[in-house]
Amino acid sequence: MELKEESAFSKKLEDQKLFCDKSENKGEDPGWTVIIDGINGAGDPGILADNIPKVYESKPEKPGKLALGWNLKKCNTKAFPWQAHHLIPEKLLPEHQVCFFLAKNSKKKNPKYILEFDTNYDTNDGLNGRFMPFASTTHQWKEAGESVAKKRDICDEMMKRTQRQLHQGPHSDTDYGEDLDTETKGYKQTVKDLLGIVYKATLKHVDICDECKGKKKGNKRKIRPLESSVQHVHQAADIMERLIVNDKVFVSRKAALFYAEVGY
């Protein structure tokens, strides 16, 4: 199932003007350094957390503590225990074909082209992040002991207080919202599909744009890195954030169950 946001993104990238910047220095190394987990550098929630306020929102305030941890009762939309969430998961990205257009040392290859230099994509860029709450360090969670029911109620209350999905539990291809009366899709699959749109549209551009091609190397042709490749991956991250905010994609099963059974 294709979400309407994916369809709109695909249609937008049909515009070839969104790809080539007509650089006069197209044969030169731009001196960029790519940061992609396992290729060069690593995904780092701490660095991501420091970068998010540079482009988006400030770090949430501290909600106050009780004897065993953060006080759930003091949490609200601006104060909560948080984790910095990579919208495009740092471990998923290097396994996707789109990395061919981002990093010259990507594991992903193309039968016709070689990327001559790195782009300046950074998986820890603030554009790829969102602060999301979790409940396991609260006083109330620890006080609940082994009670699954109490802990679920604590998770639900955290989401109700913060108006955000809980960042607790693994991300998955599973469409947790498939039984909801709304258009939903699994988290990882949505990311893969959005990155697939970027890859296919970029490849189409390179096939027809002489400005982006360099000399041949063996039976392949060099292509230069494009800032647009980076911009479009960040646009995919922005779409993921909007899908989270609008509860069309869920970062965890707990978030999906809360939306289905409790709601904001």
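Modelled with pLDDT of 95 or more and surrounded by 22 or more Cβ atoms within 10 Å (Cβ to Cβ), is that true of Arg161?
Working: modelled with pLDDT of 95 or more: yes; surrounded by 22 or more Cβ atoms within 10 Å (Cβ to Cβ): no.
So Arg161 does not fit the description; no.
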**OP:** Could you tell me whether Thr202 is more than 17 Å from the chain's Cα centre (by Cα), at pLDDT 90 or above, over 25 Å from Trp70 (Cβ atoms) and buried (at least 16 other Cβ atoms within 10 Å of the Cβ)?
**Re:** yes
Original post:
Taking the stated definitions as given, is Thr77 among the β-branched types (Val, Ile, Thr), closer than 30 Å to Glu143 by Cα and surrounded by fewer than 18 Cβ atoms within 10 Å (Cβ to Cβ)?
Top reply: yes
**OP:** Kindly provide the set of residues from region 43-64 that are out of contact with any strand residue (DSSP E or B) (no Cβ under 8 Å at 6 or more places or on another chain), of a type outside the set (Val, Ile, Thr) and either at positive phi or touching a residue at least 40 places away in the same chain (Cβ under 8 Å) (or both), ordered by number.
**Re:** Asp44, Pro53, Lys54
Subject >> Among the residues listed as Asp238, Asp247, the single one being under 22 Å from the mean Cα position of the chain (by Cα) and at positive phi >> reply: Asp247
Original post:
Mind checking whether some residue in region 216-235 is over 19 Å from the mean Cα position of the chain (by Cα), closer than 20 Å to Lys17 by Cα, surrounded by fewer than 17 Cβ atoms within 10 Å (Cβ to Cβ) and not acidic (Asp, Glu)?
Top reply: no
Subject >> Contacts under 6 angstrom Cβ, first residue in region 65-93 being assigned to a helix (DSSP H, G or I) and at pLDDT 95 or above, partner polar (S, T, N, Q) and buried (at least 22 other Cβ atoms within 10 Å of the Cβ), 6 or more apart >> reply: Leu72/Thr138
**OP:** Enumerate the pairs (first residue in region 222-240 and within 9 Å of Val198 (Cβ to Cβ); second residue anywhere and surrounded by fewer than 24 Cβ atoms within 10 Å (Cβ to Cβ) and among the charged types (D, E, K, R)) with beta-carbon separation below 9 Å, excluding pairs fewer than 6 apart on the same chain, so at least 6 apart or on different chains.
**Re:** Gln235/Lys12
**OP:** Identify the single condition in (1) in a loop (DSSP other than H, G, I, E, B); (2) under 17 Å from the mean Cα position of the chain (by Cα); (3) at pLDDT 95 or above that Asp50 does not satisfy, given that it satisfies every other one.
**Re:** (1)
Original post:
Quick one: would you say Glu211 is in a helix (DSSP H, G or I) and in contact with a strand residue (DSSP E or B) (Cβ under 7 Å, 6 or more places away or on another chain)?
Top reply: no
**OP:** Report yes if some residue within region 164-179 is farther than 30 Å from Ser10 by Cα, within 24 Å of the chain's Cα centre (by Cα) and at pLDDT 95 or above; otherwise report no.
**Re:** no
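Conditions tested, residue by residue: (1) of a type in the set (D, E, K, R); (2) in contact with a helix residue (DSSP H, G or I) (Cβ under 7 Å, 6 or more places away or on another chain).
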position	(1), (2)
Lys11	yes, no
Asn40	no, no
Lys78	yes, no
Ile88	no, yes
His96	no, yes
Original post:
Applying the selection to region 52-73, what residues are surrounded by 17 or more Cβ atoms within 10 Å (Cβ to Cβ), farther than 16 Å from Gly129 by Cβ and in contact with a Phe, Trp or Tyr (Cβ under 9 Å, 6 or more places away or on another chain)?
Top reply: Pro63, Gly69, Trp70, Leu72
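Could you look through region 133-160, keep only residues that are part of a loop (DSSP other than H, G, I, E, B) and at negative phi, and pick out the one that is nearest to the chain's Cα centre (by Cα)?
For region 133-160, the residue satisfying everything is Phe134.
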**OP:** Residue by residue through region 94-132, note down the ones that are over 19 Å from the mean Cα position of the chain (by Cα) and not in a loop (DSSP other than H, G, I, E, B).
**Re:** Tyr113, Ile114, Leu115
Original post:
For region 94-132, what are the residues that are within 27 Å of Lys54 (Cα to Cα) and either without any contact (Cβ under 8 Å) to a residue 60 or more places away in the chain or among the acidic types (Asp, Glu) (or both)?
Top reply: Pro94, Asp118, Asp122, Asp125
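The values are calculated or read from the model by the stated rules, or taken from the named source; none is laboratory data. No experiment lies behind these values; they were computed from the predicted model shown. For neighbour counting, all protein chains shown are included, and Cβ atoms are generated from backbone atoms with ideal geometry for every residue, glycine included.
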